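Read the structure below first, then the notes.
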Amino acid sequence: MMYPVGTWKAGAPHSNWPPGLAEAVGAVLLGYVRLEESMFLFFMEYLKTPARATNYLFSALHNRDRIDLLRSLVEAHAKTDTEREAVLFALKCYDICTENRNFLAHAHFKKVTPEGLLFLKLASDKSGTLKPYVGSLESIRDLADSMSHTFEYVGLIWGSVRYTAGFGAAPGAPDWPLPERPPQPRKLNWSPPLANPEGA
């Protein structure tokens, strides 16, 4: 059943979420899907393997392995320093977006506090510690915007690398300049663990 934007049926999942939060988190998660798929453009450009093998590797690798492999490939095969710096910056942005997405995808919204929206997430060290994050709706929307900016940047870089004269374009084709860098995404900062997160 669909509900009006910003509202939830009483007792339904997420019914305690404040207006706009579900839309903002959804924008982050959907934006990341587009961004993740755009990384395949770099795989095709720098891996130089048959399409079937490229598809297999991209699907089989986790994001950490994809990023590390792409950095090594770009360092080795970028044709100019400018190209190398642009792609490495895009990978840095993607890395930050990946961490932010992973947090929101696995965090549990607890409640609205005077400081902002309180999320809880199990620590990655398997200690069982719940780590808190207090942020604003605007900050989550900013994360979605940064993913869109990075997605657009990746596409423009790939177009430049792929089609600029000397990079696969027809002889005499005009250069497609590399785009200006977007703002680097903000990395979520953790707060100190709560002594009693369930009672917070």
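Could you list, ordered by first residue, the pairs with Cβ atoms under 8 Å in which the first is in segment 16-32 and without any contact (Cβ under 8 Å) to a residue 40 or more places away in the chain and the second is open to solvent by 30 Å² or more (accessible area, probe 1.4 Å) and among the polar types (S, T, N, Q), at least 6 apart or interchain? That search, which allows pairs on different chains as well, returns Pro19/Thr7. The conditions of being in contact (Cβ under 8 Å) with a residue 12 or more places away in the chain, open to solvent by 40 Å² or more (accessible area, probe 1.4 Å), among the charged types (D, E, K, R) and not in a helix (DSSP H, G or I) are met by Lys110. Checked against (1) open to solvent by 50 Å² or more (accessible area, probe 1.4 Å); (2) more than 18 Å from Glu45 (Cα to Cα); (3) not hydrophobic (A, V, I, L, M, F, W, C), Arg162 passes all but condition (2).
When each of Tyr56, Tyr46, Tyr32 is tested for being surrounded by 15 or more Cβ atoms within 10 Å (Cβ to Cβ) and either out of contact with any Lys or Arg (no Cβ under 6 Å at 6 or more places or on another chain) or at pLDDT below 90 (or both), the lone residue that passes is Tyr46.
The values are calculated or read from the model by the stated rules, or taken from the named source; none is laboratory data. Note that the structure is predicted; figures quoted are calculated from it, not measured. Note: ideal-geometry Cβ built from the backbone for every residue, glycine included; neighbour counts use all protein chains shown. Protein only, heavy atoms only, side chains kept; ligands, DNA and RNA dropped before computing areas. Shrake-Rupley method; radii C 1.70, N 1.55, O 1.52, S 1.80 Å.
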